[in-house]
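Here is the structure we will look at, set down as structure tokens.
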Amino acid sequence: MTPDLHRLLLDRLQQQGVNSNEAPALLRGLSKVLESHPGIDTTAINSKLHLLGWNGVTLDYQSLQLTLAWFDPKG
């Protein structure tokens, strides 16, 4: 299931303007934000991403949920 979830997440990010070369870096940034701020909402995540230089990216709720599911160690 994880590869399908990863593909779905990457497809969703591409629909939001993140190209496939940028996605790994964005996901690394997201993982750091999520580790340091559990329970963060999309508005706050987008603010943090913009501070990290991801000005052209606005994560939506569904993408955040896919990201959380993909990062969940319980899988």
Do any residues in the stretch 1-27 that are more than 18 Å from Asp72 (Cα to Cα) have Cβ atoms under 8 Å from those of residues that are in a loop (DSSP other than H, G, I, E, B) and modelled with pLDDT under 95, where the two are at least six apart or on different chains, and which pairs are they?
Gln14/Ser20; Gln16/Val57; Gln16/Thr58; Gln16/Leu59; Gln16/Asp60; Gly17/Gly56; Gly17/Val57; Val18/Val57
Helices (runs of 4 or more DSSP H) contained in the chain and holding at least 3 residues of a type in the set (Val, Ile, Thr):
42-51
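Yes or no, residue by residue, for (1) crowded, with 17+ Cβ neighbours inside 10 Å; (2) more than 17 Å from Leu10 (Cα to Cα):
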residue: Arg28; (1), (2): no, no
residue: Glu35; (1), (2): no, yes
residue: Trp54; (1), (2): yes, no
residue: Ser63; (1), (2): yes, no
Could you say which residue among Thr42, Thr58 is in contact with an Asp or Glu (Cβ under 7 Å, 6 or more places away or on another chain) and polar (S, T, N, Q)?
Thr42
For Pro73, the lone unmet condition from (1) more than 13 Å from the chain's Cα centre (by Cα); (2) at pLDDT 95 or above is (2)
Considering only residues of the stretch 10-26 that are of a type in the set (Gly, Ala, Ser) and surrounded by 13 or more Cβ atoms within 10 Å (Cβ to Cβ), which is nearest to Lys48 (Cα to Cα)?
Ala25
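The values are calculated or read from the model by the stated rules, or taken from the named source; none is laboratory data. Because the structure is predicted, anything quoted here is derived from the model rather than measured. So basically every Cβ, Gly included, is an ideal-geometry build from the backbone, and we count neighbours across all protein chains shown.
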